[in-house]
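Peer 1: One structure, as structure tokens, below. Some questions next.
The values are calculated or read from the model by the stated rules, or taken from the named source; none is laboratory data. The structure displayed is predicted, hence computed values, not measured ones. A quick note on method: Cβ atoms are made from the backbone with ideal geometry, for glycine too, and the neighbour counts reach across all protein chains shown. Quick note on the areas: whole protein, heavy atoms, side chains included, nothing else; ligands and nucleic acids left out. Shrake-Rupley method; radii C 1.70, N 1.55, O 1.52, S 1.80 Å.
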Amino acid sequence: MNKEEARLLFMDYMYGELDQDQEQELLSYIRQHDDLRQELEELTEAKSLLQHLPVESPKEQLVIMEPEIKATTHWWKGLFSSLIPTSTFARTSFGLVASVFLFVILAASTDLNMSLNDNGFNLTFGEQPPVQQGFTPEQVQLIVDQVQRQNAQMVNRIVTDAQVQQNLLLDETLSSFASYLEDQRNYDLQQIAQGITSLEQTTFNRFLQTDQVLGEIIQTVSYEN
Amino acid sequence: MEDAQLVNDFLGGNHQAFNKLVGRWQDRIHHFAYRYFASSDDAAEITQKTFIKAYQKLDSLDDAQKFGSWLYRIANNLCLDELKRAGRKRGTSLEALKTAPQAPAVSGADSKLVRNEAIVLLHRALLQLPNEQRMVVIMKEYEGMTFPEIAEILDEPLNTVKSRLYYGLKALKKTFDSWNINKEVFNYE
């Protein structure tokens, strides 16, 4: 403990708000410091002098008057005070019950309807709007059959169209191939004809040359003879 | 019946319960205000205003068990408001007090007169304290509140309250010495 801490405890000590251990510690410390002891004595003296200040009591008793209420409302007040409880909890409960009762009355008188579905929360008053009913099992089966039929027809049509298309493509391909073969044959024939013509020409020329050579040979032999 | 029960009765519509609370607390609030202003008229006015305000605002009291602290807080605020409102007038009055009076020497002739004069000087010494120190001295010395209660009413830290009381008592001791007020003045018969 230091002097500042001791001074902090002066007020608690003077007014008896210090526990026994702290009090012993403070008194022990003060005994070792004359200046603190002197200061505590001065504070205690100031405190004791203040006790001589007399007390002055009020001259008259205050009375808070109850607010004046018109006589015509007295029976209402009596009725309400007899119906409404006084404690906060009971008043709150009474208020909640009254609110629920009022809500039920209003709901009944206005045909209130509340519902919760996939589209959200519905709150309606009065006559109910027509509500769309769900399909019966027979209707569902009918719809399924119809859908199946439509699907089968559609698949059949698609397959037929595909076959026709495929046949057309095949015909076109075969036709093209035949045209190609024909063209190739004609070309080959032309080549062969040209070859034969060329061969005939060559053979003819050989014959001519042979004849010419033979003529020369014969002429030569004749001269020698 | 406890204060809290009377508070709840009043909130439940029983106006007489509030008059019982007034009967219980009027003297203490009056003493508090009287020591703060050293004036019977001011004390009566503050007391009346305190209970009128309490009557109007009692439904805002969170904890009925703390009615006493709450009432002192109202009185405290009204005292401060009164000081602000009439600060100029009171300032002049306190200025006049600074001309140091002296307790008459006790000569045995008229001890009652001497004692009365010393009481007047005690009150003047209290009035010379700064407002916040005077408030704590009155609450602790005369109203007998604990330090935590005072701290709650003034909404100040505990050590601040103790510090104000410490410096308040030191200032009072200094004033008493300079005005020659001591225990012999009061012990003389």
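Peer 1: I'd like to verify a number: residues in segment B:7-19 that are more than 7 Å from every other protein chain (Cβ to nearest Cβ) and touching a residue at least 24 places away in the same chain (Cβ under 8 Å), how many? I'd like the intermediate steps shown before the answer.
Peer 2: As a first pass, look at segment B:7-19 and keep what is more than 7 Å from every other protein chain (Cβ to nearest Cβ): B:7-11, B:14, B:16-17.
In the following step, the residues that additionally are touching a residue at least 24 places away in the same chain (Cβ under 8 Å) were identified as B:7-8, B:10-11.
Number satisfying all stated conditions: 4.
Peer 1: Let me ask another. Which numbered condition in (1) touching a residue at least 60 places away in the same chain (Cβ under 8 Å); (2) at the interface with another protein chain (Cβ under 9 Å from one of its Cβ atoms); (3) more than 14 Å from the chain's Cα centre (by Cα) is the only one that B:SER178 fails?
Peer 2: The one condition B:SER178 does not meet is (2).
Peer 1: Inside segment A:101-122, can you point out the residues that are of a type in the set (A, V, I, L, M, F, W, C) and open to solvent by 90 Å² or more (accessible area, probe 1.4 Å)? Step through it out loud before you land on a result.
Peer 2: The first filter runs over segment A:101-122 and keeps only residues of a type in the set (A, V, I, L, M, F, W, C), leaving A:101-108, A:112, A:114, A:116, A:121.
A:PHE101, A:LEU102, A:PHE103, A:LEU106, A:MET114, A:LEU116, A:PHE121 - these are the residues of segment A:101-122 that are of a type in the set (A, V, I, L, M, F, W, C) and open to solvent by 90 Å² or more (accessible area, probe 1.4 Å).
Peer 1: Still on this structure, I have one more. What are the pairs, 6+ residues apart or on separate chains, where a residue within segment A:31-54 that is within 7 Å of chain B (Cβ to nearest Cβ) has its Cβ under 8 Å from a residue that is hydrophobic (A, V, I, L, M, F, W, C) and not in a helix (DSSP H, G or I)?
Peer 2: From residues that are within 7 Å of chain B (Cβ to nearest Cβ), the pairs are A:LEU49/B:ILE181.
Peer 1: Name the single residue that is nearest to B:TYR167 (Cα to Cα) among those in segment B:120-157 being away from chain A (no Cβ under 13 Å) and either touching a strand residue (DSSP E or B) at 6+ places or on another chain (Cβ under 8 Å) or acidic (Asp, Glu) (or both).
Peer 2: B:GLU132
Peer 1: Taking the criterion of being of a type in the set (A, V, I, L, M, F, W, C) and open to solvent by 100 Å² or more (accessible area, probe 1.4 Å), would at least one residue in segment A:145-155 satisfy it? Spell out the reasoning first.
Peer 2: Applying the first criterion (of a type in the set (A, V, I, L, M, F, W, C)) to segment A:145-155 yields A:147, A:152, A:154-155.
Checking the rest, the ones that are also open to solvent by 100 Å² or more (accessible area, probe 1.4 Å) come to none.
Looking through segment A:145-155, none of the residues is of a type in the set (A, V, I, L, M, F, W, C) and open to solvent by 100 Å² or more (accessible area, probe 1.4 Å).
Peer 1: Out of segment B:122-142, which residues are farther than 23 Å from B:TRP70 by Cα and crowded, with 22+ Cβ neighbours inside 10 Å?
Peer 2: B:LEU122, B:ALA125, B:LEU126
Peer 1: While we're looking at this one, here's another question. Going residue by residue through segment B:97-119, is there one that turns out to be away from every other protein chain (no Cβ under 14 Å), in a helix (DSSP H, G or I), modelled with pLDDT under 90 and more than 24 Å from B:VAL136 (Cα to Cα)?
Peer 2: yes
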